[in-house]
Amino acid sequence: MSAGPSHPGAPLPQPLRRARDGRWLGGVCRGMANRWSTPVGQLRALFAVATLFGGLGLLAYAACWLVLPTDAEEDSPSLLRALASVALLAAAAAGLTTIALVAAVATLFGFGWAVAVGIGAFLAGALVLLPAAKPAWVLPPLIAAALPAIAVAASGAELMPHAGLRSERPERAAAIPSDGYRTGLGDLFVDLRELRVAPGAIVPLKLDTGVGRTVVALPHDRCFDVELTYATEGDGWRVVRSFADALGIGGSVGGNGAILYGGWVGGSGRWTRRSDDPRAPTLRIDYSTLGGELWLRDYPPGVGPLATPWWPYDGTVGDERRLRELERGACAPGAAERAAAARAAARARRA
């Protein structure tokens, strides 16, 4: 029995190949469209949607690119071509990742305008080179640069391009800049122990910091009222702090928040401390940070606030009463009454 009549004139089904003409990237979608007479736009949309589900579409596209020959090659792809394709994919991924990191970091440090200029110049060059510049050469680097820059810009995050320690020791209120002090990845030390101001004066101090530590030292023997407005970004900037640690320029970065006269506050809010002196000047601090830490209190002349901001607690067990008195300071509420009572008790003992 015969298996059936043959039709020598019937066209054999063509094998699936990647197209060289009319392709955007690797020619996979165009080749499928040519093979099954399907609109190429639908296939591209299908791969794009599948990419949103854990990158499945991208993996499938890469697999087809590696396996399928082009319409000018033999049916069986050679091992050499497969290895070359893998190397090309790895190089392209590394290049796009570098572009994305550079764009994000540049925008974070306030150079988003440079990223925008670079993108504009790239598009202008692509338009000049049309039709030689194919979408496969233009779209991936454009997307890799634009998306991270837009994401960072939309978050409102900005770091000053500064690392290391910035130390300021103003002796007059007029020496404090109206826009305050800013830092990026480094620490900030504002020593106000020699600051001389008139009684009852209001001294504004703006602190805009990145991910480092900020120490504000007040005098231990002169009274200041403190009005603090603080805003910290919280856990959203762990990545930025990790980036600083990886670069080795944020070694002192700690948990964000503020330690005010030994007490901790976090998030955003207001904090006020009134001294015992009714004529004391007021230090009005506006503190904002991306993920840094603020230490604020009075320090005696022999103490290094930057080295031991947690003074008077040195980790050893000592006289708790003495520590409490030191922490209160000479200008804490009720200090005058306590001093007068101590003097009266001393006179009574001598009598």
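The values are calculated or read from the model by the stated rules, or taken from the named source; none is laboratory data. Computed from a predicted model, the values in this text were never measured in an experiment. Heads up, the Cβs are rebuilt from the backbone with ideal geometry, glycines too, and the neighbour counts pull from every protein chain shown. To get the accessible areas, we keep the full protein, side chains included, count just its heavy atoms, and leave off ligands, DNA and RNA. Shrake-Rupley method; radii C 1.70, N 1.55, O 1.52, S 1.80 Å.
Brief remarks follow.
- Odd one out for ALA154, checked against (1) aliphatic (A, V, I, L, M); (2) out of contact with any Lys or Arg (no Cβ under 9 Å at 6 or more places or on another chain); (3) not in a helix (DSSP H, G or I): (3)
- Scanning the range 282-306 for residues that are more than 12 Å from ASP191 (Cα to Cα) and either of a type in the set (Gly, Ala, Ser) or open to solvent by less than 10 Å² (accessible area, probe 1.4 Å) (or both) gives LEU283, ILE285, TYR287, SER288, THR289, GLY291, GLY292, LEU294, GLY302.
- Scanning the range 178-200 for residues that are modelled with pLDDT of 95 or more and open to solvent by 30 Å² or more (accessible area, probe 1.4 Å) returns no hits.
- Scope the range 201-228; condition open to solvent by less than 20 Å² (accessible area, probe 1.4 Å) and outside any strand (DSSP E or B); matching residues: GLY210, VAL211, GLY212, PHE224
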